[in-house]
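Undergrad: Mind having a look at this structure? Questions to follow.
The values are calculated or read from the model by the stated rules, or taken from the named source; none is laboratory data. Just so it is clear, the structure is predicted and the values come from calculations on it, not from any experiment. Every residue, glycine as well, gets a Cβ built from its backbone with ideal geometry; the counts of neighbours run over all protein chains shown.
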Amino acid sequence: AQKITQTQPGMFVQEKEAVTLDCTYDTSDQSYGLFWYKQPSSGEMIFLIYQGSYDEQNATEGRYSLNFQKARKSANLVISASQLGDSAMYFCAMRGGGADGLTFGKGTHLIIQP
Amino acid sequence: DGGITQSPKYLFRKEGQNVTLSCEQNLNHDAMYWYRQDPGQGLRLIYYSQIVNDFQKGDIAEGYSVSREKKESFPLTVTSAQKNPTAFYLCASRPSGRANTEAFFGQGTRLTVV
């Protein structure tokens with residue numbers, strides 16, 4: 001069974017600061033993918049970034065980067081230069097082995113303060 | 001524009017009634033998914049389909065049913081057997097066959113039992 005753990009239920013961050021959202025995972029699969037999604041108050045899920053288990057370099061997408069530490073089974077999301085529009089729920093998820101659907105963590109509620 | 005359309009946005013149901021949530025996509029994706037989200041929780045997989053006329057149970061399929069008669073459509077029926085149906089329901093799709101492709105989500109349907 002796969003499991004995603006996000007230990008930060010909520011975070012307050014000053015605008016323009018960098019923020020790290022924690023994610024640890026548990027799987028017995030060798031091949032898997034890790035995803036981060038943003039969910040604004042409107043409810044839709046917005047894809048941010050992907051990291052494959054065999055990727056040697058950390059993924060980056062604009063202001064988002066993923067700090068992937070395979071041995072520690074962690075995949076933390078780093079948002080540089082935070083903006084007020086970054087306030088939202090953030091979910092870490094994984095797809096592994098033969099499973100087709102995503103397994104999600106419980107999320108982190110990020111609030112950016114001016 | 002291509003995307004996933006869920007309807008209705010809000011739905012109210014009396015106890016004991018079945019209700020069907022609509023999900024349509026024009027992204028030409030083979031795989032489609034239904035997730036349930038409870039307050040303060042991550043998403044949990046209800047059902048998924050990788051091809052027309054075939055679908056698989058997810059982690060919490062009891063009390064739900066689906067059909068996949070067309071590639072574009074994956075309706076979810078919440079039956080009277082679902083003990084606690086009040087939740088936010090999200091439909092997603094993605095191209096199948098590649099593990100590293102992200103899922104695209106609809107805007108969601110908020111179901112309330114009255």
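Undergrad: So residue A:69 clears everything in (1) surrounded by fewer than 15 Cβ atoms within 10 Å (Cβ to Cβ); (2) in contact with a helix residue (DSSP H, G or I) (Cβ under 8 Å, 6 or more places away or on another chain) except one condition, right? Which one?
TA: The number of the failed condition is (2).
Undergrad: A further question follows. Among the listed residues B:95, B:75, which satisfies the condition of being more than 13 Å from chain A (Cβ to nearest Cβ), farther than 21 Å from residue A:105 by Cβ and surrounded by fewer than 22 Cβ atoms within 10 Å (Cβ to Cβ)?
TA: B:75
Undergrad: With respect to the numbered conditions (1) over 24 Å from residue B:93 (Cα atoms); (2) acidic (Asp, Glu); (3) at pLDDT 95 or above, which one is the sole condition not fulfilled by residue A:61?
TA: With respect to (1) over 24 Å from residue B:93 (Cα atoms); (2) acidic (Asp, Glu); (3) at pLDDT 95 or above, residue A:61 is out only on (1).
Undergrad: Can you list the strands (runs of 3 or more DSSP E) lying wholly within segment A:1-46 that have 2 or more residues being over 30 Å from residue B:3 (Cβ atoms)?
TA: Ranges flagged: A:3-5, A:10-14, A:24-26.
Undergrad: For residues that are facing chain A (nearest Cβ under 10 Å) and not in a loop (DSSP other than H, G, I, E, B), scanning just segment B:98-111, find the one that is surrounded by the fewest Cβ atoms within 10 Å (Cβ to Cβ).
TA: By that ranking, first place goes to B:110.
Undergrad: Can you list residue pairs whose Cβ atoms sit under 6 Å apart, with the first residue in segment A:17-31 being aliphatic (A, V, I, L, M) and the second being assigned to a loop (DSSP other than H, G, I, E, B) and crowded, with 17+ Cβ neighbours inside 10 Å? Count only pairs 6 or more apart in sequence or on different chains.
TA: Sorted first by the residue in segment A:17-31, then by its partner, the pairs are A:19/A:82.
Conditions (1) of a type in the set (S, T, N, Q); (2) more than 22 Å from residue A:3 (Cα to Cα), marked per residue:
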site: B:12; (1), (2): no, yes
site: B:31; (1), (2): no, yes
site: B:58; (1), (2): no, no
site: B:71; (1), (2): no, yes
site: B:84; (1), (2): yes, yes
site: B:88; (1), (2): no, no
site: B:100; (1), (2): yes, no
site: B:108; (1), (2): no, yes
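Undergrad: Working carefully through the options B:24, B:15, find the one that is acidic (Asp, Glu), part of a loop (DSSP other than H, G, I, E, B) and in contact (Cβ under 8 Å) with a residue 24 or more places away in the chain.
TA: The unique qualifying residue is B:15.
Undergrad: Which condition from (1) in contact with an Asp or Glu (Cβ under 9 Å, 6 or more places away or on another chain); (2) buried (at least 17 other Cβ atoms within 10 Å of the Cβ) is the one that residue B:28 breaks?
TA: Result: residue B:28 fails condition (2) only.
Undergrad: Something else now. Quick one: which of B:114, B:19, B:66 is more than 28 Å from residue A:32 (Cα to Cα) and surrounded by 17 or more Cβ atoms within 10 Å (Cβ to Cβ)?
TA: Of B:114, B:19, B:66, the one residue that is more than 28 Å from residue A:32 (Cα to Cα) and surrounded by 17 or more Cβ atoms within 10 Å (Cβ to Cβ) is B:19.
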